[in-house]
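Read through the structure below, which is laid out as structure tokens, and then see the notes.
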Amino acid sequence: MADILQNGISMYHKGDYNGALAFFLSLPEDSEIDSMNLAYYIGLCYARLKRYDDALLYLEQVVTGGVELDRVLQCRYVLAVIYANSGRKRLAEFELNKLLESGYKPASVYSSLAYVAWKQDDVEKSLEFYKKAIEIDPDNPTALNGMGYVLACENRDLTKALSFCKRALDKSPKSAAFLDSVGWVYLKLGLMNDAFKYLNQAQELLPDNEEIAGHLRIAKEN
């Protein structure tokens with residue numbers, strides 16, 4: 001069974017998500033492949049390609065099938081991210097709370113809950129969740145960046161916000177999101193040369209990102 005899927009799995013791990021998806025979808029129905037195994041990989045491919053509605057159909061099959069616990073938990077997490085990014089916050093919270101109950105990667109789960117709370121304009125809950133994530137994993141870059149970004153947006157303790165964001169950037173120096181956050185904090189601090197330095201680097205990496213472009217517009221107006 002694994003040998004039949006191996007070509008597609010190899011393409012997936014190399015980042016060729018279109019090729020992997022085409023391979024998995026081309027497999028004949030009578031090839032005796034475990035349906036949950038195939039649904040798992042097809043769902044992940046669709047998620048990587050940001051075809052979220054298609055991804056949901058397959059990932060939910062894995063979750064409801066409940067055969068391999070590790071995969072069920074992984075798919076729950078991907079579902080939560082998809083729900084959060086597509087505005088379905090209650091569904092995202094449901095999946096994340098299920099993950100917390102299971103003890104699955106709690107720092108990542110708390111970071112995601114913080115993001116959902118932030119999108120719901122619940123600043124205090126967002127900061128509380130980021131704090132829990134950092135307590136569990138002090139070097140978690142997503143939690144560090146999220147905490148710093150929220151503090152900066154709320155104009156709270158900007159020196160601490162910069163420290164959080166820079167720690168995240170140290171972990172992933174090529175992250176456009178982290179470069180943007182550092183630039184945003186510098187903008188809030190009124191240090192415009194530093195703000196432009198990091199925001200421009202972020203835009204070079206993600207030229208079409210609306211949030212980064214918005215931060216740069218604000219910087220140019222100051």
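The values are calculated or read from the model by the stated rules, or taken from the named source; none is laboratory data. Quick caveat: nothing in here was measured; it's all calculated off a predicted structure. Note: ideal-geometry Cβ built from the backbone for every residue, glycine included; neighbour counts use all protein chains shown. Areas reflect the complete protein model, heavy atoms only, side chains present, ligands, DNA and RNA absent. Shrake-Rupley method; radii C 1.70, N 1.55, O 1.52, S 1.80 Å.
Quick notes
- Residues within the range 204-219 that are open to solvent by 10 Å² or more (accessible area, probe 1.4 Å) and over 14 Å from Phe178 (Cα atoms), tallied: 7
- Taking the criterion of being modelled with pLDDT of 95 or more, surrounded by fewer than 24 Cβ atoms within 10 Å (Cβ to Cβ) and aliphatic (A, V, I, L, M), the residues of the range 129-168 that qualify are Ile134, Val150, Leu158, Leu162.
- Residue list for the range 49-79, restricted to those being not aliphatic (A, V, I, L, M) and not in a helix (DSSP H, G or I): Lys50, Arg51, Gly66, Glu68
- Among the residues making up the range 169-185, a single one is open to solvent by 40 Å² or more (accessible area, probe 1.4 Å) and closer than 18 Å to Ile218 by Cα: Ala177.
- Glu60 being of a type outside the set (Ser, Thr, Tyr), open to solvent by 60 Å² or more (accessible area, probe 1.4 Å) and over 21 Å from Ala92 (Cβ atoms): no
- So Lys50, is it more than 30 Å from Arg156 (Cα to Cα) and charged (D, E, K, R): yes
- Enumeration of residues in the range 80-122 that are more than 16 Å from the chain's Cα centre (by Cα), assigned to a helix (DSSP H, G or I) and of a type in the set (S, T, N, Q): Asn97, Ser102
- All positions within the range 113-128 that are closer than 22 Å to Lys160 by Cβ and either open to solvent by less than 40 Å² (accessible area, probe 1.4 Å) or touching an Asp or Glu at 6+ places or on another chain (Cβ under 8 Å) (or both): Leu113, Ala114, Ala117, Val123, Ser126, Leu127
- Under the condition of being in a loop (DSSP other than H, G, I, E, B) and free of Cβ contacts under 8 Å to residues at least 24 places away in the same chain, the residues counted in the range 123-137 number 0.
- Top-ranked residue in the range 25-57 [being more than 21 Å from Leu91 (Cβ to Cβ) and small (Gly, Ala, Ser); ranked as surrounded by the fewest Cβ atoms within 10 Å (Cβ to Cβ)]: Ser26
- Selection within the range 36-68 - touching a residue at least 12 places away in the same chain (Cβ under 8 Å) and of a type in the set (Ser, Thr, Tyr): Tyr40, Tyr41, Tyr46, Tyr52, Tyr58
- Among the residues making up the range 186-197, those that are of a type outside the set (Gly, Ala, Ser) and surrounded by fewer than 23 Cβ atoms within 10 Å (Cβ to Cβ) are Leu187, Lys188, Leu189, Leu191, Met192, Asn193, Asp194, Phe196, Lys197.
- Filtering the range 11-21 to residues that are part of a helix (DSSP H, G or I) and open to solvent by less than 60 Å² (accessible area, probe 1.4 Å) leaves Met11, Tyr12, Tyr17, Gly19, Ala20, Leu21.
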